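Undergrad: This is the structure I want to talk about, given as structure tokens.
The values are calculated or read from the model by the stated rules, or taken from the named source; none is laboratory data. Every value quoted in this text rests on a predicted model; they were computed, and no experiment measured them. All Cβ positions, even for glycine, are placed from backbone atoms using ideal geometry, and neighbour counts span all protein chains on display. Accessible surface is based on the protein model in full, side chains and every heavy atom, while ligands, DNA and RNA are left aside. Shrake-Rupley method; radii C 1.70, N 1.55, O 1.52, S 1.80 Å.
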Amino acid sequence: MSAEHTPEPGTPGQTGPTGEHDSGPRHRGRRSRRKGLLITAWTAAGIVALGGTGAGYLYFKLNGNIKSVDIDQALGTDRPTKAGNGSENILVLGSDTRSGSNRRLGGGTDDGSARSDTAMIIHVHEGHKRASVVSLPRDTLIDRPACTDPQGVRHDPANGVMFNSAYTTGGAACAVKTVESITGLRMDHYLEVDFAGFEKLIDELGGVRVTTTEAIDDPESHLRLTAGTHRLDGKQALGLVRTRHGVGDGSDLGRIQLQQAFVKALVTQVKHVGLFTSPKKLYDLADTATKAVTTDSDLGTVNALMSFVNGLKGISASKMHMVTMPVRYDPADPNRVVVLRTKAQQVWTALKNDEPVPAAATEGNATGEAAGIVTP
């Protein structure tokens, strides 16, 4: 994980306006950057936890696969307080690293850099029977707080930078600190997955079934699908969660809408796959998942993940309410978005109070115009 790379070229130096109207040009014709990916916390954790049913050598091997980051130690005590009502917030990141096997999938040079090209806050409501999921657009202009990277280098606060620059600047802890600064919510857990692990995991699950209501042809993500029902293998699934130019208005917001549809399909697939039919299949899935994820230290063991997923197994795709942080296109740069602060605060207040996100907070915002193109 790189912690010293600066935000991508072209990042504006000042925040854009924060008015509450939905206007501004759409993203078109922009050369796509290689994108990250996502996987929901309970999907990865569920497979990992099932792997913990083994013992001896296999258990310790799985335990040794898991990478973790001590977020609490890195951030100290100057953080939002825990909810205390039985609800939890999990920050899920998809990392776009340029090193190792991810270079083939992510493109570009092996410069060791990494970006959080996909981010979601998963709020698990009290009782753990339903969840609200809020996608955070990577191109959102935000004010990043001061961060200390994993090498101990302090980075001063920055105004008007892209959201995903927080991870590039200071790693997982900086990403968590930035999200907590934006939302005022405590992130109880952190989960990250990379390109290579995502592709292999989907293949070992036997693919994920989705329906497309129109053809998708995006040469940038190498995805070509006809309208109809498909069982996506790992390469196709990776292409789907990265695609943007082949759908909607060609923006990152449209890509988020595809990702949200895919998450629901993935959750459904995991709940129906025959994990106990083959001990080898079960182990292979657990081995892949534990190698693919990075967690906060509280989830850094198989036992901890087992306990965590037991509290999430009752949440089905139908009990997931998925929204995007309220934004509008930046009039100064159509390749960026700015937060609609009043509406966004309605979202954060609802989650803090463990209430559903109000419909008014999601109406009239920039969307990407890709809703309904992919369905579970």
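Undergrad: Evaluate the following for Arg30: is it of a type in the set (D, E, K, R), modelled with pLDDT under 50, in contact with an Asp or Glu (Cβ under 7 Å, 6 or more places away or on another chain) and open to solvent by 30 Å² or more (accessible area, probe 1.4 Å)?
TA: No: the conditions fail for Arg30.
Undergrad: On to the next question. Report every pair of residues separated by at least 6 positions or lying on different chains whose Cβ atoms are under 9 Å apart, first residue within segment 233-248 and without any contact (Cβ under 8 Å) to a residue 60 or more places away in the chain and under 17 Å from Thr118 (Cα atoms), second assigned to a helix (DSSP H, G or I) and among the acidic types (Asp, Glu).
TA: Hits for this filter: Ala237/Glu199; Ala237/Asp203.
Undergrad: Something else about it: Would you check which residues across segment 150-182 are over 16 Å from the mean Cα position of the chain (by Cα), open to solvent by less than 20 Å² (accessible area, probe 1.4 Å) and hydroxyl-bearing (Ser, Thr, Tyr) and list them?
TA: Thr169, the sole residue that qualifies.
Undergrad: For segment 196-216, state whether one or more residues are more than 16 Å from the chain's Cα centre (by Cα), more than 18 Å from Lys264 (Cα to Cα), at pLDDT 90 or above and among the aliphatic types (A, V, I, L, M).
TA: Scanning segment 196-216, I find at least one residue that is more than 16 Å from the chain's Cα centre (by Cα), more than 18 Å from Lys264 (Cα to Cα), at pLDDT 90 or above and among the aliphatic types (A, V, I, L, M), so the answer is yes.
Undergrad: Among the residues of segment 60-71, write down those that are more than 18 Å from Met120 (Cβ to Cβ) and either hydrophobic (A, V, I, L, M, F, W, C) or in contact with a strand residue (DSSP E or B) (Cβ under 8 Å, 6 or more places away or on another chain) (or both).
TA: Phe60, Leu62, Ile66, Lys67, Ser68, Asp70, listed by residue number.
Undergrad: To continue, here is another question. Could you look through segment 361-376, keep only residues that are open to solvent by 30 Å² or more (accessible area, probe 1.4 Å) and in a loop (DSSP other than H, G, I, E, B), and pick out the one that is nearest to Ala261 (Cα to Cα)?
TA: Among them, the one singled out is Pro376.
Undergrad: Separate question: Mind listing just one residue for me: the one in segment 56-80 that is of a type in the set (D, E, K, R) and farther than 14 Å from Thr295 by Cα and, of those, least open to solvent (accessible area, probe 1.4 Å)?
TA: Among those residues, the one meeting the criterion is Arg79.
Undergrad: Then there's this: At least 1 residues that are among the aliphatic types (A, V, I, L, M), under 23 Å from Pro376 (Cβ atoms) and open to solvent by less than 20 Å² (accessible area, probe 1.4 Å) in each: list the strands (runs of 3 or more DSSP E) lying fully within segment 298-360 that qualify.
TA: In segment 298-360, 320-324 are the strands (runs of 3 or more DSSP E) which contain 1 or more residues that are among the aliphatic types (A, V, I, L, M), under 23 Å from Pro376 (Cβ atoms) and open to solvent by less than 20 Å² (accessible area, probe 1.4 Å).
Undergrad: Taking segment 129-145 as the search range and keeping residues that are outside any strand (DSSP E or B) and open to solvent by 20 Å² or more (accessible area, probe 1.4 Å), which one is farthest from Ser307 (Cα to Cα)?
TA: Pro145
Undergrad: Please verify whether segment 202-225 includes one or more residues that are buried (at least 23 other Cβ atoms within 10 Å of the Cβ), in contact with a Ser or Thr (Cβ under 6 Å, 6 or more places away or on another chain) and under 21 Å from Thr295 (Cα atoms).
TA: Within segment 202-225, none of the residues are buried (at least 23 other Cβ atoms within 10 Å of the Cβ), in contact with a Ser or Thr (Cβ under 6 Å, 6 or more places away or on another chain) and under 21 Å from Thr295 (Cα atoms).
Undergrad: Go through segment 348-364 residue by residue and tally those that are touching a helix residue (DSSP H, G or I) at 6+ places or on another chain (Cβ under 7 Å) and closer than 24 Å to Ala265 by Cβ.
TA: Count: 2.
A quick yes/no check of all residues on (1) at pLDDT 95 or above; (2) under 18 Å from Glu180 (Cα atoms); (3) open to solvent by 10 Å² or more (accessible area, probe 1.4 Å); (4) not in a loop (DSSP other than H, G, I, E, B):
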residue	(1), (2), (3), (4)
Asp96	no, no, no, yes
Gly100	no, no, yes, no
Ala119	no, yes, no, yes
Gly127	no, no, yes, no
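Undergrad: Moving on to the next point. (1) more than 29 Å from Leu225 (Cα to Cα); (2) touching a helix residue (DSSP H, G or I) at 6+ places or on another chain (Cβ under 7 Å): which one isn't true of Glu369, the others all being true?
TA: For Glu369, the failing item is (1).
Undergrad: Working only within segment 226-267, note down all residues that are of a type in the set (D, E, K, R), in a loop (DSSP other than H, G, I, E, B) and either over 30 Å from Lys313 (Cβ atoms) or open to solvent by less than 20 Å² (accessible area, probe 1.4 Å) (or both).
TA: Hits for segment 226-267 are Arg244, Asp249.
Undergrad: Could you check Leu351 against (1) on the phi < 0 side of the Ramachandran plot; (2) at pLDDT below 95; (3) not aromatic (Phe, Trp, Tyr) and say which number it fails?
TA: Of the numbered conditions (1) on the phi < 0 side of the Ramachandran plot; (2) at pLDDT below 95; (3) not aromatic (Phe, Trp, Tyr), the odd one out for Leu351 is (2).
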